[in-house]
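The block underneath contains the structure these notes are about, expressed in structure tokens.
The values are calculated or read from the model by the stated rules, or taken from the named source; none is laboratory data. No experiment lies behind these values; they were computed from the predicted model shown. All Cβ positions, even for glycine, are placed from backbone atoms using ideal geometry, and neighbour counts span all protein chains on display.
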Amino acid sequence: MVRRRTGAVAEMPAVLGVPELGLRDFRLIAAMLNADTGIVLDKAKMPLVQARIAPRIRKLGLRGFAAYCLLLASEAGAAERMRMREALTTNVTRFFREAHHFEHLKKVALPPLLAMARKGARLRFWSAGCSTGEEPYSIALTILSLMPDAPRFDIKILASDVDSNVLSVGRSASYVANSLAYVDDATREKWFVAPTPGTGLRWSIVQDVRRLVAFRTHNLAGDWPMKGPFQGIFCRNTVIYFDEATRNAIWSKMQVLLAEGGYLYTGHSERLPANIDAMRPVGLTIYRKTGGEPNENDEARDA
């Protein structure tokens, strides 16, 4: 496909009758997305916006992006504005992605926490920006690998995302084989139901795993109704889409919601700012909130 350049931006040609996205309309869409979610789109994302919004324009029978922007700004466009947000939210994940986080969870974070749970302690984990659910279910599977009877205890995982469509996939707990590429055979056999004819070759997660996870719609740039405390928070490759002020505010709020000694797992390109002073690095993109009982494994890791 041939692309032409306008200034420093590579723009997509018209797609199946939808006129090319212009800079003015791109800026309007980017401003609406930022106002609704805090996500920042720079001009390099114009081809992405073209590719993801053009199908909506075709489906609505509109003449182009200008008409689409008018709809989004109108009272009648509230539902479409939500669909626009969902279309532009990037959701790429799979089970046990960034495996070192789950190794740390299994070997370092969970053993003392699950011992406490057996004595009646309340344990809460949060997968923020959970997408289609592979991440929170990976947390649940890691817990179950150490404590198969975990659903009997007060252990829950909050799974949140701004996109209601991906949350519906998570609630369905049904996944294509590619999502399970990093799931070992024993885990697959114990906690998944193999595809059967007529199901679209999707693997289903058993109820004991699903009982640990609760899915909720949540915008990280909006109000935070959750109270915590959380013993662990996974927020990976999510805040990179926000501006610096919003990113720092999100990390600060998570620091507050973490229990003393709790762990924060971030994305491979994400680092906490210096002013988040209650958190200290204990591994690759792993942070621990100061306070609570010292963890010998963390101390050895830092040595």
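Quick grid of which residues meet (1) among the aliphatic types (A, V, I, L, M); (2) assigned by TED's automatic domain parsing to the domain that holds Thr290; (3) within 18 Å of Arg97 (Cα to Cα); (4) under 17 Å from the mean Cα position of the chain (by Cα):
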site: Glu135; (1), (2), (3), (4): no, yes, yes, yes
site: Ser145; (1), (2), (3), (4): no, yes, yes, no
site: Ile155; (1), (2), (3), (4): yes, yes, no, no
site: Ser172; (1), (2), (3), (4): no, yes, no, yes
site: Tyr175; (1), (2), (3), (4): no, yes, yes, yes
site: Ala186; (1), (2), (3), (4): yes, yes, yes, no
site: Trp191; (1), (2), (3), (4): no, yes, yes, no
site: Ala194; (1), (2), (3), (4): yes, yes, no, no
site: Arg216; (1), (2), (3), (4): no, yes, no, yes
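Right, Phe234: in the same structural domain as Asp154 (by TED's automatic domain parsing) and within 13 Å of Ala128 (Cα to Cα) or not? Walk me through it before giving the result.
Details: in the same structural domain as Asp154 (by TED's automatic domain parsing): yes; within 13 Å of Ala128 (Cα to Cα): yes.
Yes; evaluated as a whole, the condition is true for this residue.
What helices (runs of 4 or more DSSP H) completely inside region 16-106 contain at least 1 residues that are at pLDDT 90 or above and over 22 Å from Ser160 (Cα atoms)?
Passing ranges, in order: 23-37, 46-60, 65-73, 99-104.
Pull up region 254-271, narrow it to residues that are over 17 Å from Gly291 (Cα atoms) and of a type in the set (D, E, K, R), then point me to the one that is surrounded by the fewest Cβ atoms within 10 Å (Cβ to Cβ).
Quick first cut of region 254-271, residues over 17 Å from Gly291 (Cα atoms) only: 265-271.
Applying the additional criterion that residues be of a type in the set (D, E, K, R) yields 270-271.
On the way: Glu270: 16, Arg271: 12.
Ranking the candidates gives Arg271 first.
Of the residues Ala150, Ala109, Ala140, which single one is buried (at least 19 other Cβ atoms within 10 Å of the Cβ) and farther than 27 Å from His268 by Cβ? Quick ask: steps written out before the conclusion?
Working: Ala109 fails: farther than 27 Å from His268 by Cβ; Ala140 fails: farther than 27 Å from His268 by Cβ.
Selected residue: Ala150, the only one of Ala150, Ala109, Ala140 that is buried (at least 19 other Cβ atoms within 10 Å of the Cβ) and farther than 27 Å from His268 by Cβ.
Pull up region 287-303, narrow it to residues that are in contact with a strand residue (DSSP E or B) (Cβ under 6 Å, 6 or more places away or on another chain) and surrounded by 17 or more Cβ atoms within 10 Å (Cβ to Cβ), then point me to the one that is modelled with the lowest pLDDT.
So the residue we want is Asp298.
For region 128-232, which fully contained helices (runs of 4 or more DSSP H) count at least 3 residues that are touching a strand residue (DSSP E or B) at 6+ places or on another chain (Cβ under 8 Å)?
Working: elements: 134-146, 164-172, 185-191, 207-210.
Qualifying helices (runs of 4 or more DSSP H): 134-146, 164-172.
I want to confirm something. Restricting to region 122-133 and keeping residues that are at pLDDT 95 or above, under 24 Å from Arg85 (Cβ atoms) and out of contact with any helix residue (DSSP H, G or I) (no Cβ under 6 Å at 6 or more places or on another chain), which single residue is surrounded by the most Cβ atoms within 10 Å (Cβ to Cβ)?
The qualifying residue surrounded by the most Cβ atoms within 10 Å (Cβ to Cβ) is Trp126.
Could you tell me whether any residue of region 245-254 is closer than 19 Å to Leu146 by Cβ and in the same structural domain as Ile286 (by TED's automatic domain parsing)? Let's see the steps before the verdict.
So the first thing to find is which residues in region 245-254 are closer than 19 Å to Leu146 by Cβ, and the list is none.
Scanning region 245-254 turns up no residue that is closer than 19 Å to Leu146 by Cβ and in the same structural domain as Ile286 (by TED's automatic domain parsing).
Pairs only if they're at least six apart or on different chains, beta carbon under 8 angstrom, first in region 51-64 and touching a residue at least 12 places away in the same chain (Cβ under 8 Å), second among the β-branched types (Val, Ile, Thr) and surrounded by 13 or more Cβ atoms within 10 Å (Cβ to Cβ); list them, first residue then second.
Hits for this filter: Ala51/Val15; Ile53/Ile29; Ala54/Val15; Ala54/Val18; Ile57/Val18; Arg58/Val18; Gly64/Val18; Gly64/Ile57.
Every residue in region 74-90 that is out of contact with any strand residue (DSSP E or B) (no Cβ under 8 Å at 6 or more places or on another chain) and surrounded by 13 or more Cβ atoms within 10 Å (Cβ to Cβ), please.
Within region 74-90, Gly77, Glu80, Arg81, Met82, Arg83, Met84, Arg85, Glu86, Ala87, Thr90 meet the criteria.
Residue under question is Arg94, and the condition is that it be surrounded by 17 or more Cβ atoms within 10 Å (Cβ to Cβ), under 13 Å from the mean Cα position of the chain (by Cα) and not assigned by TED's automatic domain parsing to the domain that holds Leu220; does it hold?
Considered against the rule, which asks whether it is surrounded by 17 or more Cβ atoms within 10 Å (Cβ to Cβ), under 13 Å from the mean Cα position of the chain (by Cα) and not assigned by TED's automatic domain parsing to the domain that holds Leu220, Arg94 comes out as yes.
Those residues that are within 23 Å of the chain's Cα centre (by Cα) and either among the β-branched types (Val, Ile, Thr) or in a helix (DSSP H, G or I) (or both), I need them from region 109-127; list them, please.
Ala109, Leu110
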